[in-house]
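K.L.:
One structure coming up, written as structure tokens, with questions to follow.
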Amino acid sequence: MRVNGRELHVADTGGDGPPVLLGHGYFLDHTVFDAQADALAPRWRVIRWDAPAHGESPDADGPFTYWDAARDVLAIMDELGLPAATIGGISQGGFIALRAALLAPDRVTGLVLMDTEATACDPEDKIAYQGLFDALRAAGPVDELTVPLSEQLLGDDVHAASWRQRWRDRASLPLGETARCLLDRDDVSGRLGEITCPALLLWGSRDRSLPRDRMELLRDRLPSATEVQVVDGAAHTPALTHPGQVTEALLTFLT
């Protein structure tokens, strides 16, 4: 689908059910939500997309921010004729969902926020990620780099090995404009009080990418947020590695 001058791969279960748009985390793609799409459809219409430089979407060809990504999500809704939807995601998918709710509060009926935050990239994290990105640019997706990356995102789950192979098979990794977007994102935590729709908060108990207190900040500042629901044993991508727990929480929230 072409939106705002960008090509984005969009997966849509279709149907007449209430729409739910879900965005994946960095280095992954829309397939992390396969289990949720299967479980929710056709009662809900589940729409997932590949962010620029991920999955089947090309990289952004110029300066790009998560505000731009949020506008892309709203444009996807326009293309599909959806006046409003529940929007959410994991990590960067959550960054985008929060900004979509700030841009168009009347179009976001609920938020699903998994292992995500509202603040800018932590300075220590920024140094670490920049080092990883530089190493990947220089050496490519070698095991020395991708094994710890896959374990950070997915734990020791069987999916980690599968994703390492997918990174090896890709012509390129998301190391261009989207990497700068991740590292240089702005802080929207001071505006969370503007978002009044219900918000489901989920966090993996073994998430080494995002400490729990960043999710608790969302709980404290979003007026209609749930408590932080802990997905026991999950790392940074619970929808993929612990689909049963995530799907159950999502069904309860949507119902």
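K.L.:
Over the chain, what is the percentage of antiparallel beta bridges among all DSSP beta bridges, to the nearest 5?
P.N.:
Taking every DSSP beta bridge within the chain, about 15 percent pair in antiparallel fashion.
K.L.:
Over the Cα atoms of the stretch 1-127, Rg to Rh with Kirkwood Rh, two decimal places?
P.N.:
Answer for the stretch 1-127: 0.95.
K.L.:
Something else now. From Cα pairs below 8 angstrom and at least 6 apart in sequence, can you work out the relative contact order of the chain, rounded to a whole percent?
P.N.:
Relative contact order comes out at 20 percent.
K.L.:
Using the per-residue mean of other Cβ atoms lying within 10 Å as a proxy for protection, in what order, highest first, do the peptides 140-153, 100-113 fall?
P.N.:
100-113, 140-153
K.L.:
Under a no-solvent Debye model with one identical scatterer per Cα of the chain, what's log10 I(q)/I(0) at q = 0.09, 0.13 Å⁻¹?
P.N.:
Debye curve over Cα of the chain, log10 I(q)/I(0) at q = 0.09, 0.13 Å⁻¹: -0.34, -0.76.
K.L.:
Which order do the peptides 127-136, 216-225, 38-47 come out in when sorted by mean C-beta neighbours inside 10 angstrom, highest first?
P.N.:
Put in order of decreasing packing, that is 38-47, 216-225, 127-136.
K.L.:
Defining a contact as two alpha carbons under 8 Å apart and six or more residues distant in sequence, what relative contact order in percent does the stretch 6-86 show?
P.N.:
Across the stretch 6-86, relative contact order equals 37 percent.
K.L.:
Roll a 1.4 Å probe over the protein chains and send me the accessible area per residue for the chain in Å².
P.N.:
About 41 Å² of surface per residue is accessible.
K.L.:
So, with a 1.4 angstrom probe, what is the percent of accessible area on the chain that is carbon and sulfur?
P.N.:
49 percent
K.L.:
Among 161-172, 59-70, what's the highest-first ranking by average C-beta atoms within 10 angstrom per residue?
P.N.:
So the peptides 161-172, 59-70, ranked by packing, come out 59-70, 161-172.
K.L.:
If you don't mind, another one. Report P(r) for the stretch 10-83: all Cα-Cα distances, bin width 5 Å, range 0 to the bin holding the largest distance, values in whole percent.
P.N.:
Pair shares across the bins are 3, 16, 26, 25, 18, 9, 3, 1.
K.L.:
What does the charge add up to near residue 64, with Lys and Arg as +1, Asp and Glu as -1, over the other residues with Cβ less than 15 Å from its Cβ?
P.N.:
Surrounding charge for residue 64 is -4.
K.L.:
Taking square-rooted eigenvalues a ≥ b ≥ c of the alpha carbon gyration tensor, is the stretch 71-189 rounded, prolate or oblate, where a/c under 1.5 means rounded and, failing that, a/b exceeding b/c means prolate?
P.N.:
Prolate, since a/c reaches 1.5 and a/b exceeds b/c.
K.L.:
Mean 1/r over all different Cα pairs, inverted: what Kirkwood radius does the stretch 117-253 give, in Å?
P.N.:
Evaluated on the stretch 117-253, it is 16.5 Å.
The values are calculated or read from the model by the stated rules, or taken from the named source; none is laboratory data. Model, not experiment: these values are computed from the prediction. Don't worry about glycine lacking a Cβ; one is built from the backbone with ideal geometry, like all the others, and counts go over all protein chains shown. Heavy atoms of the whole protein, side chains included, go into the accessibility calculation; ligands, DNA and RNA do not. Shrake-Rupley method; radii C 1.70, N 1.55, O 1.52, S 1.80 Å.
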